[in-house]
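Novice: Here's a structure for you.
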Amino acid sequence: TAKVFHFVRQVRASGRSILFIGHNIHHVFDIADRFVVLDRGKVALTTDRSEVKSAEDLINFMEEVAHPGGLAGLHDAGDAEQRAR
């Protein structure tokens, strides 16, 4: 990971852009200048690094997108079967 990040930083310093896709938000937060968060294939957030204070802020946003209303927004699997009938 350290070698990849070193390479990415060198390329970025030369003025070129890099598309970095990852699931480890802390790694992505450490290296990215801009974030695009996808939810089910659709853009849920596009923002610059300067607008996000921490990786935890990104994680909190992603959790809210995935589960609106927190745990109250989750449903029992049986509920889905009930609604399908």
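Novice: With the requirement that a residue be loosely packed, with under 11 Cβ neighbours inside 10 Å, of a type in the set (Gly, Ala, Ser) and part of a loop (DSSP other than H, G, I, E, B), what does segment 5-25 give you?
Specialist: Ser14, Gly15, Ser17
Novice: Restricting to segment 29-62, name every residue that is in contact (Cβ under 8 Å) with a residue 24 or more places away in the chain and either touching a strand residue (DSSP E or B) at 6+ places or on another chain (Cβ under 7 Å) or not β-branched (Val, Ile, Thr) (or both).
Specialist: Correct list: Phe29, Asp30, Val37, Asp39, Ser54, Ala55, Leu58, Phe61, Met62.
Novice: Could I ask something else about it? Which residue is nearest to Val4 (Cα to Cα), if the candidates are limited to segment 23-45 and must be among the β-branched types (Val, Ile, Thr) and under 8 Å from the mean Cα position of the chain (by Cα)?
Specialist: Ile25
Table: residues versus (1) among the polar types (S, T, N, Q); (2) surrounded by 13 or more Cβ atoms within 10 Å (Cβ to Cβ); (3) at pLDDT below 85.
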position	(1), (2), (3)
Thr1	yes, no, yes
His27	no, yes, no
Asp33	no, no, no
Val65	no, yes, yes
Gly69	no, no, yes
Glu81	no, no, yes
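Novice: Restricting segment 47-56 to residues that are touching a helix residue (DSSP H, G or I) at 6+ places or on another chain (Cβ under 9 Å) and part of a helix (DSSP H, G or I), which is farthest from Arg34 (Cα to Cα)?
Specialist: Top of the filtered list is Glu56.
The values are calculated or read from the model by the stated rules, or taken from the named source; none is laboratory data. These numbers were taken from a predicted model, which means no experiment stands behind them. Reconstructed Cβ throughout: ideal geometry from the backbone, glycine too, with neighbour counts over all protein chains shown.
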